[in-house]
Each structure stands twice: as C-alpha cells, then as structure tokens.
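I have placed the structure first, in the form of structure tokens, so that the comments after it can refer back to it.
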Amino acid sequence: MEYYNKILNSARFISENLDLDNVSLALVLGSGLSFFTDSLKEKRAVGFDLIPGFNLSKVIGHNNRLATGYVGSKKILVMEGRIHYYEGYNMQEVTFPIRVMKELGINTLILTNSAGGIQGLSGELMVIKDHLDVFCPNPLIGSNIDKQGTRFPDMSQIYSKELIEMTINKAKQLNISAKTGVYAYLTGPSYETPFDISFLKMIGVGGVGMSTVPEAIVAKHCGIRVLGISCITNSAAGISKMPLSHEEVVATTAKVSQDFSKLLASVIEEIKL
C-alpha cells in the first residue's frame, strides 16, 4: 500500500506541473535518443529530480526529464531517459514511472532503446515482436498492486501486433531500414561475452540490451498497449572484431537520428488511441 501511495503522490505532482489533458500516449527514450524531443511543439518539461519517487540515471545519453509536447496534432508524454537495474536500482524503482503512467491515464506506451545487433546491422531499426526475459529479475515479484493488474498476468502477447504491423508499413513507406526481431534483456553493465551472443543468435534473438523488458512486463501487467523499437547501434560481442563501448552507442544513435525521428513521428501520428 505504501508503494501504491508513492505512485499516486508522483502522479499528482506530474498532473499539477504538466498539462496532461487528452494525453494517453507515452514514449520512453533510450540511450542517446532524447534528440527526438527537440521536435516537440509547445514542449514543457520537469526534471526527474523534482518528481517524487523518480530517480536519476547517471548514464551518458539520458536527460532525466519528463516532458509533454505535440507531435503533429497529438500531445504525448515523453521520458527523456530511464534508470537501469545495473545502476543499483531495484526493479520496483526501475519500473516506477510506468506505474505512474498508468495512474496518469496512459493506455499506449512506446519503448525505445539502443541495442547490440545479433541478426541486424548497425544503424538499422528493429521493431520488437517478443523478448527473452529469463535473465531479468521479474519486476512483478513482491506484493501485487491489485488496482493496476492481476497477480498472474498473461504475457503471451506483450507487444501489440497491430502497432508492430503499422510501424513496419510506415518504415517501408519512408524507405527506412526496419524489421521485426526478438530483444533479449541481460542485466549489464558489462557487455555480453561472445558465447552469450552465439547462444542468443542460435535461439533466434535479433538484438540485446539492458533495458525495456522490465518496463514492458509492468506495462502489460497494467493493461497498457506496448510498442518496442530498438536502434541497433553496434554489432554484439563476437560478431564485431572491435571492442564494445557506450561511446559507439551514442555516436550511432546520432547518425540515425533523422530516420528514427521521422519514423517515430509518423507512427505517433498514426496511432489510434
């Protein structure tokens, strides 16, 4: 009950400081992807440090702000960055913003991330059709929040088929390289070993990263429709002969920023809420 009251307190603060009238779509921007908010019209933002219950990421490429603004005629809520389990936060803290979104009336959530490519090439976009979460400490462990979802939620279709199909079609129309794939969550912060990647490749994983999955699980638990998009920023361990680095991740997201922004804006404007 204390955790739920904390959620309500955060939602109340956000409602008082950001105009959320008619806002039911939220977007979470991963490493280096916060440039998308530059295109928002009538943008208003508040820092995570001011929002009760929110925590700060210390990872480069995360702006630690919650913003509202217009994409075309549609007003949305945007998280410019996220915190991670590998930073020392627990899963309740990592997924706290998603539960707050539920109380704010969000019914559709777009989760984005930067990912290591196993099947895809650097610079491509991967629309997540499913994920591997066996290495993810389940964020639903602990007392269930009955007001937000059932104790044992079904996870057979976390990512909306309708939104996946629409996103792939939009990418084709815009001549942007995008395909569907399975995203695997590993805790980090160390990058994967070549054997990790060879195993993931063998079982059909397309991209690997250190976020998104906990948020997707909690969103599904809350009854929120989910779309996931990965920006493939580097070849995973053992595929590339070069050492992996976070600097490469941020640099690649900057290179694909135009395609990413164009696709994201087109998808947001098309989504029926």
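Please tell me if P52 is part of a loop (DSSP other than H, G, I, E, B), modelled with pLDDT of 95 or more, crowded, with 21+ Cβ neighbours inside 10 Å and in contact with a helix residue (DSSP H, G or I) (Cβ under 6 Å, 6 or more places away or on another chain). Break it down stepwise before answering.
Values: part of a loop (DSSP other than H, G, I, E, B): yes; modelled with pLDDT of 95 or more: yes; crowded, with 21+ Cβ neighbours inside 10 Å: no; in contact with a helix residue (DSSP H, G or I) (Cβ under 6 Å, 6 or more places away or on another chain): yes.
When the stated conditions are applied, P52 does not pass them.
For the stretch 13-28, which positions are in contact (Cβ under 8 Å) with a residue 12 or more places away in the chain and either part of a helix (DSSP H, G or I) or closer than 15 Å to F54 by Cβ (or both)?
Of everything in the stretch 13-28, those that are in contact (Cβ under 8 Å) with a residue 12 or more places away in the chain and either part of a helix (DSSP H, G or I) or closer than 15 Å to F54 by Cβ (or both) turn out to be F13, I14, S15, N17, L18, A26, V28.
Considering only residues that are at pLDDT 95 or above and crowded, with 20+ Cβ neighbours inside 10 Å, look in the stretch 171-184 and name the one that is farthest from N138 (Cα to Cα).
Looking at the filtered set, the residue picked out is A171.
Looking at S10, S31, which one is in contact (Cβ under 8 Å) with a residue 24 or more places away in the chain, crowded, with 19+ Cβ neighbours inside 10 Å and part of a helix (DSSP H, G or I)? Lay out the reasoning, then the answer.
On the way: S31 fails: part of a helix (DSSP H, G or I).
None of the other options fit; the residue is S10.
Where in the stretch 56-142 are there strands (runs of 3 or more DSSP E), lying wholly inside it, with at least 3 residues that are among the charged types (D, E, K, R)? Walk me through it before giving the result.
Values: elements: 65-71, 74-80, 108-117, 125-132.
So the answer is 74-80.
Okay, residues lined up against (1) under 29 Å from E269 (Cβ atoms); (2) buried (at least 18 other Cβ atoms within 10 Å of the Cβ); (3) of a type outside the set (F, W, Y):
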position	(1), (2), (3)
C136	no, yes, yes
D146	no, no, yes
L163	yes, yes, yes
N169	yes, no, yes
L186	no, yes, yes
P194	no, no, yes
G206	yes, yes, yes
T212	yes, yes, yes
A219	yes, yes, yes
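Quick one: which of K58, K43, K75 is more than 15 Å from the chain's Cα centre (by Cα), among the basic types (K, R) and surrounded by 18 or more Cβ atoms within 10 Å (Cβ to Cβ)? Walk me through how you get there before you give the answer.
Working: K58 fails: surrounded by 18 or more Cβ atoms within 10 Å (Cβ to Cβ); K43 fails: surrounded by 18 or more Cβ atoms within 10 Å (Cβ to Cβ).
Of the residues listed, the single one that is more than 15 Å from the chain's Cα centre (by Cα), among the basic types (K, R) and surrounded by 18 or more Cβ atoms within 10 Å (Cβ to Cβ) is K75.
Quick grid of which residues meet (1) modelled with pLDDT of 95 or more; (2) in contact with a Phe, Trp or Tyr (Cβ under 8 Å, 6 or more places away or on another chain):
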| position | (1), (2) |
| --- | --- |
| I7 | yes, yes |
| V23 | yes, no |
| F36 | no, yes |
| T68 | yes, no |
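Look through the stretch 233-264, keep the residues that are in contact with a helix residue (DSSP H, G or I) (Cβ under 8 Å, 6 or more places away or on another chain) and at pLDDT 85 or above, and return whichever of them is surrounded by the fewest Cβ atoms within 10 Å (Cβ to Cβ).
Ranking the candidates gives S261 first.
Could you check the stretch 61-72 and list, in sequence order, the residues that are farther than 23 Å from T95 by Cα and either aromatic (F, W, Y) or crowded, with 20+ Cβ neighbours inside 10 Å (or both)? Steps first, please.
First pass over the stretch 61-72, keeping only residues farther than 23 Å from T95 by Cα: 70-72.
Y70, V71 - these are the residues of the stretch 61-72 that are farther than 23 Å from T95 by Cα and either aromatic (F, W, Y) or crowded, with 20+ Cβ neighbours inside 10 Å (or both).
Select from the stretch 16-40 the residues that are hydrophobic (A, V, I, L, M, F, W, C) and under 12 Å from the mean Cα position of the chain (by Cα) and list them in ascending order.
Step one: filter the stretch 16-40 for residues hydrophobic (A, V, I, L, M, F, W, C), giving 18, 20, 23, 25-29, 33, 35-36, 40.
Those that are hydrophobic (A, V, I, L, M, F, W, C) and under 12 Å from the mean Cα position of the chain (by Cα): A26, L27, V28, L29, L33.
If you check I145 against the conditions, is it farther than 26 Å from L77 by Cα, over 14 Å from the mean Cα position of the chain (by Cα), part of a loop (DSSP other than H, G, I, E, B) and in contact (Cβ under 8 Å) with a residue 24 or more places away in the chain?
Numbers: farther than 26 Å from L77 by Cα: no; over 14 Å from the mean Cα position of the chain (by Cα): yes; part of a loop (DSSP other than H, G, I, E, B): yes; in contact (Cβ under 8 Å) with a residue 24 or more places away in the chain: yes.
It is false that I145 is farther than 26 Å from L77 by Cα, over 14 Å from the mean Cα position of the chain (by Cα), part of a loop (DSSP other than H, G, I, E, B) and in contact (Cβ under 8 Å) with a residue 24 or more places away in the chain.
Considering every residue within the stretch 10-18, establish whether at least one is of a type in the set (F, W, Y) and more than 27 Å from F260 (Cα to Cα).
In the first step, residues of the stretch 10-18 are kept if they are of a type in the set (F, W, Y); the result is 13.
When the remaining residues are screened for being more than 27 Å from F260 (Cα to Cα), the result is 13.
Among the residues of the stretch 10-18, at least one is of a type in the set (F, W, Y) and more than 27 Å from F260 (Cα to Cα), which makes the answer yes.
The values are calculated or read from the model by the stated rules, or taken from the named source; none is laboratory data. All values derive from a computational prediction rather than experimental measurement. Heads up, the Cβs are rebuilt from the backbone with ideal geometry, glycines too, and the neighbour counts pull from every protein chain shown.
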